[in-house]
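Read-outs: derived from the displayed coordinates by stated rules, not from any lab. Worth saying up front: this structure is predicted, and the values here are computed from it rather than measured. Using ideal geometry, Cβ is built from the backbone for each residue, glycine included, and neighbour counts are taken over all protein chains shown.
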Ligand code: SF4
Ligand code: SF4
C-alpha cells in the first residue's frame, strides 16, 4: 500500500504535504507533486495536510492510473522536502474538473 497524489494537485501544488513526510518521498513536477510508491511508509500524515484533498490511499477504488503516474514520475522528477510559494492562481484551479489535460510531464525544480 502507498498514498498517491491525484488530479486536484495539478496547478494547485500547495506543497503543505512535503513538510510533514517523515521519509521525504515527494517529487516535484512542473505543476504537481507525486509520491514515490516504494518509499512511502503509509503513515497517512500527509493526507489531512493537503488543502486540495488530493492525497489518497491507494486502497480507494479507481486510483490505479494515478498510482502508475506517481510511480512513473517519482523515478525522474527531483525530490522536494520544503514548501515553496504555491502558484498565484492555485485557488482558481482548486476543484476544477478535467485537470488531467493540464498535467505537465516536465520536472519541477526540487529543493
Ligand atoms: S498539499 Fe496537496 S495540492 Fe499541495 S502539493 Fe501536496 S498534494 Fe499537491
Ligand atoms: S503517507 Fe507518510 S510516508 Fe507516505 S507520502 Fe504521506 S507522509 Fe510521506
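For 103, 26, what's the fewest-to-most ordering of other Cβ within 10 Å of each Cβ?
Neighbour counts put them in this order, fewest first: 103, 26.
What residues of region 1-28 lie in the reach of a label at residue 106, counting those whose backbone N is under 17 Å from a point 7 Å from the Cα along Cα→Cβ?
Answer for region 1-28: 10-13, 28.
If you rank 81, 2, 59 by fewest surrounding Cβ atoms within 10 Å, what's the result?
Starting with the residue having the fewest Cβ neighbours, the order is 59, 81, 2.
By count of other Cβ within 10 Å, fewest leading, how are 85, 39 ordered?
85, 39
Can you give me the convex hull volume of the Cα atoms of region 1-75, divided per residue and expressed in Å³?
Dividing the Cα hull volume of region 1-75 by its residue count gives 77 Å³.
Pulled fully out, how much extra length does the chain show between residue 39 and residue 83, if you take 0.36 nm times their separation in residues and subtract their Cα-Cα distance?
13.9 nm
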